[in-house]
Amino acid sequence: MADTTFGPKGWTPARLGDQSGKTYIITGANAGAGFQAARILLKKNAKVVMLNRSAGKSEAAIADLKQELGAKADVSFIRMDLSVLASVRKAAEEVLKTVPRIDALINNAAIAQVPARKLTVDGFESQLGTNHYGHFLLNGLLIDRIADSKGRIVVVASLGYNLGLKTIKFDDMNWNEGYGANIAYSQSKLAQMMFAYELQERLAVAGRKDVEVFVCHPGSSATSLITTSGSRTMRFIWWLMTKTPMVQTAEQGSYPEVMCATEEALTEQRALYGPTGRMEVVGPVGKGTLNAYAYDKAVMSRLWDVSERAVGFEWKLRPIDISRLPATSPEC
């Protein structure tokens, strides 16, 4: 049954109030759903910082936004290549120097359906390295700044997590054998989801309520994801699909991530948010179906440990600072 929390039309930006004074960081925001998310937030007076790989495309995107929204639109760009851990570290360092608050970090960037197996400069299968490891490191480096702002982490997943092994192939994470564009993509998105759900648990165990973590997906949306990294055949198939009612606009595809970054009425974190219409690929935005293998505790915990070793970073969830908790009145 479709989620009707936000009415029959689901969540839309009409629910979004003034965002003055708030700052949102979005990875992969120079095109597609990330660009549209930036556009929606800027319209509501938020500050948006894009973390993108291409300087040229980022400058063009910023120019388009300022042309539409006015020169005062507070949008900027920091270069970051998620597939290169050194680039992620450098970008995080720049964020910490120049961005005093982070109300939400939206992990939007991804590559998909890479036709032939490739390795990143750090030696990871390209889709896992970009989609999961890069974001895993980025979030670890920025979580204290997010916590200082009582902010959110939003992981943009994909229904593609259902199409692969439905677990992590720990004995061959780089797909030295049996590589397939779709199955490797599926594993990378499942890994992202498991990171988010494991982080939720670790924050809860630590008694931390200063960071919320939400997972969403854009459904089937007309973005540049497949055309950027997919094979010629996949690009043609996707082009045909965009001509059908089973594909929605990039703007509609951005609604779940904007909702997860801003909606105060959103309280259930162990969930998957996105379209709730036909096959949950289009339609009103709300809470969709989440399959249990996405939060298999044994697999999540092992993946976390493997990821820390892979990226060379150990997460340290600092103890709660009692002075930052709301004051309470003594009982009479």
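The values are calculated or read from the model by the stated rules, or taken from the named source; none is laboratory data. The shown structure was predicted, so the numbers you read here are calculated from the model rather than taken from an experiment. Reconstructed Cβ throughout: ideal geometry from the backbone, glycine too, with neighbour counts over all protein chains shown. When the accessible area is computed, the model is the full protein with side chains, heavy atoms only, and any ligands, DNA or RNA have been set aside. Shrake-Rupley method; radii C 1.70, N 1.55, O 1.52, S 1.80 Å.
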For residue 105: the one exception among (1) among the aliphatic types (A, V, I, L, M); (2) surrounded by fewer than 24 Cβ atoms within 10 Å (Cβ to Cβ); (3) touching a strand residue (DSSP E or B) at 6+ places or on another chain (Cβ under 6 Å); (4) closer than 20 Å to residue 143 by Cα: (2)
Scan of segment 1-51 for residues that are under 13 Å from residue 65 (Cα atoms) and in a helix (DSSP H, G or I), ordered by number: 34, 35, 36, 37, 38, 39, 40, 41, 42, 43
Cβ pairs under 6 Å, 6+ apart, first in segment 92-113 and without any contact (Cβ under 8 Å) to a residue 24 or more places away in the chain and more than 16 Å from residue 216 (Cβ to Cβ), second open to solvent by 10 Å² or more (accessible area, probe 1.4 Å) and not charged (D, E, K, R): 94/78
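Might you check whether a residue that is within 17 Å of residue 108 (Cβ to Cβ), of a type outside the set (A, V, I, L, M, F, W, C) and at pLDDT 95 or above occurs anywhere in segment 59-73? Walk me through how you get there before you give the answer.
The first filter runs over segment 59-73 and keeps only residues within 17 Å of residue 108 (Cβ to Cβ), leaving 61-62, 65.
From the residues that got through so far, the ones that are of a type outside the set (A, V, I, L, M, F, W, C) too are none.
No, because not a single residue in segment 59-73 is within 17 Å of residue 108 (Cβ to Cβ), of a type outside the set (A, V, I, L, M, F, W, C) and at pLDDT 95 or above.
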Test: residue in segment 90-99 that is part of a loop (DSSP other than H, G, I, E, B) and modelled with pLDDT of 95 or more: yes
Residue satisfying all of: in segment 52-83; among the small types (Gly, Ala, Ser) and either open to solvent by less than 10 Å² (accessible area, probe 1.4 Å) or not in a helix (DSSP H, G or I) (or both); nearest to residue 21 (Cα to Cα) among these: 73
Segment 281-303: number of residues that are buried (at least 18 other Cβ atoms within 10 Å of the Cβ), in contact with a helix residue (DSSP H, G or I) (Cβ under 7 Å, 6 or more places away or on another chain) and not in a loop (DSSP other than H, G, I, E, B): 6
Qualifying positions in segment 256-270 - open to solvent by 40 Å² or more (accessible area, probe 1.4 Å) and either on the phi > 0 side of the Ramachandran plot or out of contact with any Lys or Arg (no Cβ under 8 Å at 6 or more places or on another chain) (or both): 264, 265, 267, 269, 270
